[in-house]
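A short worksheet on the structure shown next.
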Amino acid sequence: QLQASGGGLVQAGASLRLSCAASGRTVSTYDMGWFRQAPGKEREFVARINWGGGIAYYSDSVKERFTISRDNAKNTVYLQMNSLKPEDTAVYYCARAKNYDYTDADPIHYDYWGEGTLVTVSS
């Protein structure tokens with residue numbers, strides 16, 4: 001089970017740190033990703049990190065503002081979000097990748113998904 005947490009209501013320009021904790025299954029040998037879904041929109045890729053934590057890949061919309069990281073000893077993946085914008089408002093989900101192509105942003109190539117955490121950014 002993957003559980004995302006850390007969401008909340010913040011003002012534009014603020015920061016949040018999301019966590020994705022895995023229980024009952026290991027994620028330390030898998031690439032992991034973050035996605036988001038805004039109301040009325042399709043699920044959108046945000047970031048991905050390779051299993052070792054040394055390679056990260058971001059969508060253009062969050063590059064330079066968000067940082068994905070992981071602590072395999074804690075079976076946890078993080079998403080540090082800085083300079084938040086109202087358009088970042090969405091439910092954020094973490095997911096385990098089915099392959100090791102670190103540029104793969106297609107949701108169908110991820111199998112286990114966590115329950116999302118809501119991030120709301122006010123202007």
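Please find, within the stretch 109-123, the residue that is farthest from Ala12 (Cα to Cα) out of those that are modelled with pLDDT of 95 or more and open to solvent by 60 Å² or more (accessible area, probe 1.4 Å). The selected residue is His109.
Within the stretch 86-95, one or more residues are open to solvent by 60 Å² or more (accessible area, probe 1.4 Å), at pLDDT 95 or above, within 26 Å of Ser122 (Cβ to Cβ) and over 14 Å from the mean Cα position of the chain (by Cα). Can you name every residue in the stretch 30-58 that is part of a strand (DSSP E or B) and either touching a helix residue (DSSP H, G or I) at 6+ places or on another chain (Cβ under 7 Å) or within 18 Å of Gly114 (Cβ to Cβ) (or both)? Selection gives Met32, Gly33, Trp34, Phe35, Arg36, Gln37, Glu44, Phe45, Val46, Ala47, Arg48, Ile49.
If you go through the stretch 59-84 and pick out every residue that is in a strand (DSSP E or B) and closer than 20 Å to Thr120 by Cα, you end up with 7. Taking the listed residues Thr120, Thr103, the one that is over 16 Å from Leu2 (Cα atoms), over 11 Å from the mean Cα position of the chain (by Cα) and either of a type in the set (A, V, I, L, M) or assigned to a strand (DSSP E or B) (or both) is Thr120, with no other qualifying.
Residues that are closer than 18 Å to Tyr100 by Cβ, among the β-branched types (Val, Ile, Thr) and buried (at least 16 other Cβ atoms within 10 Å of the Cβ) within the stretch 16-71 comprise Val27, Ile49, Ile68, listed in sequence order. On the stretch given as the stretch 1-29, residues that are modelled with pLDDT of 95 or more, assigned to a loop (DSSP other than H, G, I, E, B) and of a type outside the set (A, V, I, L, M) total 4. Within the stretch 56-70, residues that are at negative phi sit with their Cβ atoms under 6 Å from residues that are among the hydrophobic types (A, V, I, L, M, F, W, C) and open to solvent by 40 Å² or more (accessible area, probe 1.4 Å), at 6+ positions apart or across chains, in these pairs: Ile68/Ala56.
The values are calculated or read from the model by the stated rules, or taken from the named source; none is laboratory data. Keep in mind the model is a prediction, meaning the values are calculated, not measured. Glycine also receives a Cβ, built like all others from the backbone with ideal geometry; neighbour counts cover every protein chain displayed. What goes into the accessible areas is simple: the full protein's heavy atoms, side chains included, and nothing from ligands, DNA or RNA. Shrake-Rupley method; radii C 1.70, N 1.55, O 1.52, S 1.80 Å.
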